[in-house]
Amino acid sequence: MTQKDLAVTASNEEPLWKQRAVERSTRAVKLRAEQKVERFLDAAQVIIMEKGTTDFTVQEVVDRSRQSLRSFYQHFDGKHELLLALFEDALRRSTEQIRTAASGPADPLQRLKIAVQLLFELSRPDPATKHPLFSEFASQLMMSHPTEVAIAHAPLLALFTELMAEMETAGRLRASVRPRRAAALVMQTAMFIARSHSASGENVHPLTAEEVWEFCAGGVSGRIVQS
């Protein structure tokens, strides 16, 4: 680039003070938007905990958050998008909880066991939980927004794939098993059993996290692993 080109480029650029001012302004707008979204999410969460259901209206969320209906629709297309946001946030938090819990043991099999058992426990419907991971709207979302739900599960799938890859590296994974596919199978097994077993009302002899783990361990390692 010639000196003339550099001079033209410099003259066309915004002054640094103006760039900094715009950046600060943009950050402030982004922060305010994030705060408004969090207030809507918190309000919806409180309502779900109080009612024990997702049978609420957008207006209830707006009133509880002390914000405007106009502001709500600036951030969400509607109730389903709000529920999707809650669902995605719950999965993200649960993924981090599982990652932290499973980071302790050196044995990859023990790490996977902790992850499977904790996922099972977190997936059981619990009206008192602050994370509506699997209340009744989860199944509805899977039917109405399968692509978005799959995207929401991506961090959890990535974590379980990592754990399976560690199993493979340690020679603990069956030769015919691929880490990512095994991760998906184990995840879906733990979550489905936790949800469907609780929903069936079968509480005389409920399945335990240990039973779910032994079943999954047999599938990925080729043998039942005794604790």
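The values are calculated or read from the model by the stated rules, or taken from the named source; none is laboratory data. Computed from a prediction, not measured in an experiment: that's the story for all the values here. Here the Cβ positions follow ideal geometry from the backbone for every residue, glycine too, while neighbour counts run over all protein chains shown. Each accessible area value is taken on the protein alone, full model and side chains, heavy atoms only, with ligands, DNA and RNA left out. Shrake-Rupley method; radii C 1.70, N 1.55, O 1.52, S 1.80 Å.
What the table shows:
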quantity	calculated
Pairwise label distance in nanometres, Gln97 with Lys51, each label 7 Å out on the Cα-Cβ vector	2.3 nm
Rounded if a/c under 1.5, otherwise prolate or oblate - the stretch 1-121, Cα gyration tensor axes	oblate
Candidate aspartates and glutamates - alpha carbon under 19 Å from Lys79, same-chain residues fewer than 8 apart omitted	Glu34, Glu38, Asp42, Glu50, Asp55, Glu60, Asp63, Glu88, Asp89, Glu136, Glu148
Largest-first ordering by accessible area, 1.4 Å probe, given options Glu88, Glu214	Glu88, Glu214
Accessible area of Thr26 in the full protein assembly, 1.4 Å probe (Å², nearest 10)	80 Å²
Whole-percent carbon and sulfur share, accessible surface of the stretch 65-106, 1.4 Å	46 percent
Solvent-accessible surface ranking, highest first, for Lys79, Lys113 at 1.4 angstrom	Lys79, Lys113
Zone residues, the stretch 68-108, relative to Met142, backbone N less than 18 Å from point 7 Å out along Cα-to-Cβ	83-92, 94-95
Ranked order, His145, His205, His80 - accessible area, probe 1.4 Å, largest first	His205, His80, His145
